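Chemist: Sharing a structure here in structure tokens format.
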Amino acid sequence: MRTIRLTMAQALVRAMAAQKTVVETEDGRASTLPFFGGVWAIFGHGNVAGMGEALYGIRDSLPTFRAHNEQAMAHAAIAYTKALRRRRVMACTSSIGPGALNMVTAAAVAHVNRLPLLLLPGDVFATRRPDPVLQQIEDWQDGTVSANDAFRPVSRYFDRITRAEQIIPAFARAMQVLTDPVECGPVTLGLCQDVQTEAYDFPVSFFDEKIWVPRRPRPDASELASAVSLLREAKRPFIVCGGGTLYAQAEGDLAAFALTHGIPVGETQAGKSALATGHPMNMGAIGVTGTGAANAMAAEADVVLAVGTRLQDFTTGSWALFQGEGRRIIGLNTQPFDAGKHQAQPLVADARAGLGELGAALGPWRADSVWTMRAEREKSTWYETAAAYTDAPAESGNALPSDAQVVGAVQRQAQPSDVVLCAAGGLPGELHKLWQAGAPGGYHMEYGFSCMGYEIAGGLGVKMAQPEREVFVMIGDGSYLMLNSEIATSVMIARKLILVILDNRGFGCINRLQHATGGAGFNNLLQDSRHEVMPEVDFALHARSLGAVTEKVSDLAALSQALVRARASDRTYAVVIDTDPLISTDAGGHWWDVAVPEVSTRSEVQSARADYVAALTRQFVGN
Ligand SMILES: Cc1ncc(C[n+]2csc(CCOP(=O)(O)OP(=O)(O)O)c2C)c(N)n1
Ligand SMILES: [Mg+2]
């Protein structure tokens, strides 16, 4: 056996560089590209000598990027793979202890969203000679525990490398997980600091080029037959389009399927943009932040074909949305765990393969034309309703613009290839209902974990994946203040973002939720929070200090003009606008289960509790 003597870290990065993937381009052609788009790194004693030296040696074929915060760099890596439909992946390496633990939340973001991510935190010395090394957690009951054990529940595969040659099977397992549509999610390999630097005679075959062709599992014949007979008997079929549709690049297949069979479609936060806004069967957003059109049809559906969705509570209205008598669900998903949720008829398959075979078996069968025509009417009614929010003139009574008016202003100058990105706050609801995506991937919402602080770093990841698209990051003051440091990285590596910062001086959406559950305004808006001095954060000045071009605008007209300058800029550009924290779009939407206290001295809470108890009667458990 031919071997080559390398350190474990050198072997790992060399093997990473040898992995290739087949990517389908927009025009249907296939091209072979490196599977790993690069490595994010923040060095400390736990990785600078081992991984640092190895990455330096390979920097021309496997680029390293320096970030400012480990959570943020992992967010960028997550957004990168989401934009590229899980076909390409980035890795993140940190030191041990705090640097590693900063990535745990991001690991959970990837885990919830079923997105591949390779995390390479440093780990304590395998020899244990210097114990406790700086930043080592000491567990006096279990000698095998280190800080990195915190990754276990949020990793799809976890390993700790305590001997150099262990990287061979561990990396093979990591690649299986990262490339598998069913298992894929975060992989954490804790790299013991000393082991990173230890040499081994690695077989040269470990570094052979490996081309990963995305796997498309086809449906089982009997599951397919059951799903077909359910659909054929359906009077009022409905489709939920989840993120799996985009991951499977099945948006064209879904568009054709819905049109051929006359079935209305509601898009989840992750599935939005799969269908063109103008597709006659695209009812827009579904669920708690859904459109009136999608929710009206979903409420009456008798068969719900759930494509590539986890069916989280925002999609199902906490299981109170689908009220159709005897309604059945067909779970078309690569993951049996998702496919069988809520007593669904599972149809375990890749979305494209599954839709293709379902369509072939259904032939010319169409839903009742009364149902299909009703969907078209609901859709046009909704768009009239929505326009009243997005296109409301500036002088509509509210002194400061609403989020919906800002969404409208951004929308009016958007181009089809643009990407709008967001994660938390009031904006995800507004955007889900109101944004009209121009092309697949043009709507990038992290709403599996809805992690404040995903936005700016996520925008950077999308821009690295798709530099030709303009990326609009829409972000509240709360999320901005939580994590904004990668503005500096976006300037440094010239990956331009347009930030639209909506300053309503607090956690507006949680304040509204607090009031809706009978609570007093408390600890959400800055004015309702304990303070000696009222903060007057100058977001424009702050973003400017990180290298962005910035401006604060006073109204919607000025916002529109600023967005033109932002598009023309070749540097990250931030536009700040003050908004009203109390207004949100009340049309559309659906009840959501947020538990209200059973006992309170506040009459508002008592009355909210009574409403809550009444609403629970519409909820289904387990079906
Ligand atoms: C990391 C994290 N912490 C807390 C929350 C809960 N949370 C959701 S939205 C929100 C407020 C967001 O404030 P801002 O970004 O200003 O948006 P706004 O609600 O004002 O629209 C909070 C605290 C969260 N989603 N993520
Ligand atoms: Mg806010």
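The values are calculated or read from the model by the stated rules, or taken from the named source; none is laboratory data. It should be emphasised that the depicted structure is a prediction, and the values quoted were computed from it without experimental measurement. Note that each Cβ is placed from the backbone with ideal geometry, even for glycine, and that neighbours are counted across all protein chains shown. Surface accessibility is based on the protein's heavy atoms, side chains included, excluding ligands, DNA and RNA. Shrake-Rupley method; radii C 1.70, N 1.55, O 1.52, S 1.80 Å.
Chemist: Need one number: nm distance between label points at Val599 and Gln527, each 7 Å from Cα along Cα→Cβ, rounded to one decimal.
Modeler: Distance between the two pseudo-spin positions: 3.4 nm.
Chemist: Enumerate the amide H contacts of Lys20 below 5 Å, restricted to partners 5 or more residues apart or on another chain; note that Pro and chain-start residues carry no placed amide H.
Modeler: Under 5 Å from the amide H of Lys20: Phe35, Lys210, Ile211, Trp212.
Chemist: Follow-up. Relative to 2.2 N^0.38 Å, what does the C-alpha radius of gyration of the stretch 490-623 come to as a ratio? Two decimals please.
Modeler: Its radius of gyration relative to the 2.2 N^0.38 Å reference: 1.44.
Chemist: Just flag the chymotrypsin sites (Phe, Trp or Tyr not before Pro) in the stretch 455-518 sitting in loop per DSSP whose Cβ has no more than 12 other Cβ atoms within 10 Å. Working shown, then result.
Modeler: Values: sites: Phe472, Tyr480, Phe507; in loops: Phe507.
Here no loop site has a sparse enough neighbourhood.
Chemist: Find, among the trypsin sites (Lys or Arg not before Pro) in the stretch 1-64, those assigned to loop by DSSP (not H, G, I, E, B) with at most 13 other beta-carbon atoms within 10 angstrom.
Modeler: Arg2, Arg29, Arg59
Chemist: Also: Using 0.36 nm per residue of separation minus the Cα-Cα distance, give me the extension gain between Trp365 and Arg2 in nm, one decimal.
Modeler: Extra length available between Trp365 and Arg2 comes to 124.7 nm.
Chemist: Here's a follow-up. Between Trp591 and Thr617, what is the label-to-label distance in nm when each label sits 7 Å out along the Cα-to-Cβ direction?
Modeler: So the label points at Trp591 and Thr617 sit 0.9 nm apart.
Chemist: OK, next. Treat every Asp and Glu Cβ in the chain as -1 and every Lys and Arg Cβ as +1, leave all other atoms uncharged, and give the resulting dipole magnitude about the Cα centre to the nearest 20 debye.
Modeler: Working: 54 positive and 64 negative charges, 277 e Å.
That gives a dipole near 1340 debye.
Chemist: Please compute the contact order of the stretch 264-383 in relative form: average sequence separation of alpha-carbon pairs under 8 Å and at least six residues apart, divided by the residue count, as a percent.
Modeler: Once divided by the residue count of the stretch 264-383, the mean separation gives 22 percent.
Chemist: Could you please report the charge total around Gly518, scoring K, R as +1 and D, E as -1 over all other residues with beta-carbon less than 10 angstrom from its beta-carbon?
Modeler: 0
Chemist: Separate question: What is the stretch 287-336 by shape, rounded, prolate or oblate, if you read a ≥ b ≥ c off the alpha carbon gyration tensor as root eigenvalues and call it rounded for a/c under 1.5, prolate for a/b larger than b/c, and oblate otherwise?
Modeler: In terms of gyration-tensor shape, oblate.
Chemist: Provide the gained length on full extension for the span Gln415 to Arg215, in nm with one decimal, where the gain is 0.36 nm per separating residue minus the Cα-Cα distance.
Modeler: Using 0.36 nm per residue and subtracting the Cα-Cα distance, I get 68.7 nm.
Chemist: Run the accessible area of the chain with a 1.4 Å probe and give the carbon-and-sulfur part as a rounded percent.
Modeler: Carbon and sulfur together cover 54 percent of it.
Chemist: Another question about this same structure. Given the pairs Lys272/Lys463; Lys379/Lys463; Lys235/Lys433; Lys82/Lys272; Lys82/Lys433; Lys210/Lys341, which are separated by over 25 angstrom at their Cα positions?
Modeler: Checking Cα-Cα distances, Lys379/Lys463; Lys235/Lys433; Lys210/Lys341 exceed 25 Å.
Chemist: To continue, here is another question. Convert each backbone phi in the stretch 310-318 into a coupling constant with the Karplus relation 6.51 cos²θ - 1.76 cosθ + 1.60 (shift: θ = phi - 60°), then list the ³J(HN,Hα) values in order as whole Hz, x for Gly and Pro.
Modeler: In residue order, the calculated couplings are 7, 6, 6, 4, 5, 7, 9, x, 6 Hz.
Chemist: Add +1 for every Lys or Arg and -1 for every Asp or Glu among the other residues with Cβ under 15 Å from the Cβ of Arg571, and state the total.
Modeler: Result for the neighbourhood of Arg571: +2.
Chemist: I've got another one for you. What is the stretch 25-158's relative contact order, in percent, from Cα pairs under 8 angstrom and six or more apart in sequence?
Modeler: The value is 25 percent.
Chemist: I've got another one for you. Just the number, please: percent antiparallel of the DSSP beta bridges in the chain, rounded to the nearest 5.
Modeler: Rounded to the nearest five, the antiparallel share is 15 percent.
Chemist: Averaged per residue, what accessible surface does the stretch 263-303 expose to a 1.4 Å probe, in Å²?
Modeler: Working: 590 Å² over 41 residues.
Averaged over the residues of the stretch 263-303, the accessible area is 14 Å².
Chemist: Turning to a different aspect of this structure: Once amide H atoms are built 1.01 Å from N in the peptide plane, which residues 5 or more positions from Gly589, or in another chain, come under 5 Å H to H?
Modeler: Gly290, Thr291, Gly292
Chemist: Identify the GluC sites (Glu not before Pro) of the stretch 185-231 meeting these criteria: DSSP loop state and at most 15 other C-beta atoms within 10 Å of the C-beta.
Modeler: On the way: sites: Glu198, Glu209, Glu223; in loops: Glu198, Glu209.
Listed in order of number, the matching sites are Glu209.
Chemist: Another question about this same structure. Grab the Cα-Cα distance for Asp131 and Ile58, subtract it from 0.36 nm times how many residues apart they are, and report the gain in nm with one decimal.
Modeler: That works out to 23.2 nm of additional length.
Chemist: Here's a follow-up. Label-point separation (nm) for Ala557 and Leu513, each offset 7 Å from Cα along Cα-to-Cβ?
Modeler: 3.8
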